[in-house]
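So the structure is just underneath, and the comments pick up after that.
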């Protein structure tokens with residue numbers, strides 16, 4: 001009789017060793033995969049901001065000036081007869097860039113002669129009156145349209161998660177759509193109506209009712225921030241809407257109140273904000289409302305006045321950030337290499 005061969009299988013020890021080796025290999029590979037995915041998301045984010053930079057200059061070519069950060073705010077503080085705009089439009093002028101980012105059809109659907117949103121709890125401009133009714137002219141509903149070019153793929157907060165209610169929504173029962181990009185402004189646009197007109201050497205390229213032309217940026221377009229990046233989750237405030245201005249939606253200012261980038265907690269913590277204890281959460285900015293921030297590791301993107309895009313480290317000196325925000329203080333700043 002012939003002998004039968006017996007095929008040996010893995011022993012339990014051998015199987016456990018193989019599983020352990022596979023686990024180690026997956027553990028080594030996963031960070032590399034995540035890093036590659038984030039690199040692709042960051043590249044898409046920079047491409048979005050590059051498109052917005054080109055849109056700014058196409059707008060300037062058409063109208064001989066850049067768009068304002070927005071027009072006719074209701075949120076800014078103004079006594080009756082004060083500096084506040086008489087016509088409240090509550091517009092974010094990212095809307096005016098739509099024709100230059102292949103969104104002409106959406107742009108044409110807005111009634112641009114009337115207010116974009118009705119934000120009842122943001123009414124501090126006692127000098128003005130709301131133009132038209134956004135709830136009936138169609139604008140408030142259109143403010144909920146999601147525009148992919150305004151969204152950074154690294155930010156996992158939903159584009160319609162944070163813009164509802166009487167302070168932040170475009171109208172009763174409606175949701176606004178947010179943006180990860182906004183104009184570089186002074187956060188004083190919240191507290192002072194038409195602040196841009198009297199800002200002096202601290203003036204940014206953009207502000208409420210601003211009228212900047214390239215010749216006004218005397219520090220140089222290549223040396224001046226135009227558009228910044230932020231997260232869709234602001235602990236102080238909710239998010240920025242691309243189509244309208246609500247409560248504390250003044251734009252991005254990394255150079256004034258609590259200056260810096262990616263501030264997940266206030267540098268000087270107000271006692272009532274301790275919540276005690278407050279644990280900072282990456283991606284949820286806990287600075288003032290005008291925060292520059294992103295979920296990209298180490299910093300965030302900025303579109304410069306010339307339309308180029310640069311990634312700025314969160315360790316950048318705050319004095320440099322302030323000078324990069326100013327368009328004409330006579331001090332030309334440069335980012336560290």
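Readers should treat all values here as calculations from the given coordinates under stated rules, not as data from a laboratory. Keep in mind the model is a prediction, meaning the values are calculated, not measured. Reconstructed Cβ throughout: ideal geometry from the backbone, glycine too, with neighbour counts over all protein chains shown.
Observations
- Inter-centroid distance (Cα atoms) of segment 127-180 relative to segment 301-318, Å: 27 Å
- Gaussian network model of the chain, Cα within-10 Å springs - most flexible of 264, 233, 289: 264
- The chain: most fluctuating residue of 102, 71, 60 per GNM, C-alpha cutoff 10 Å: 102
- Oblate is the label for segment 113-236, because the ratio a/c of its alpha-carbon gyration tensor axes (a ≥ b ≥ c) is 1.5 or higher and a/b is not greater than b/c.
- DSSP bridge orientation in segment 45-325 - percent antiparallel, rounded to nearest 5: 70 percent
- Residue among 79, 290, 202 with the largest mean-square fluctuation in a Gaussian network model of the chain, springs linking Cα atoms under 10 Å: 79
- Ranked 227, 320, criterion: other C-beta atoms within 10 Å, fewest first: 320, 227
- Protection proxy ranking, highest mean first, for peptides 149-155, 19-25, 108-114: 149-155, 108-114, 19-25, where packing is the per-residue count of other beta-carbon atoms within 10 Å, averaged.
- Using C-alpha pairs under 8 Å with a sequence gap of at least 6, the mean separation divided by the residue count of segment 45-325 gives a relative contact order of 21 percent.
- For segment 207-259, diffusion coefficient by Stokes-Einstein and Kirkwood Rh (Cα), 20 °C, 1.002 mPa s, µm²/s: 162 µm²/s
- Nearest 10 degrees, 0 to 90: helix 12-63 Cα axis against the chain principal axis: 20 degrees
- Between residue 13 and residue 311, the modelled label-to-label distance comes to 4.7 nm, taking each label 7 Å out from Cα in the direction of the beta carbon.
- Three-way shape label, segment 45-325, alpha-carbon gyration tensor, a/c 1.5: rounded
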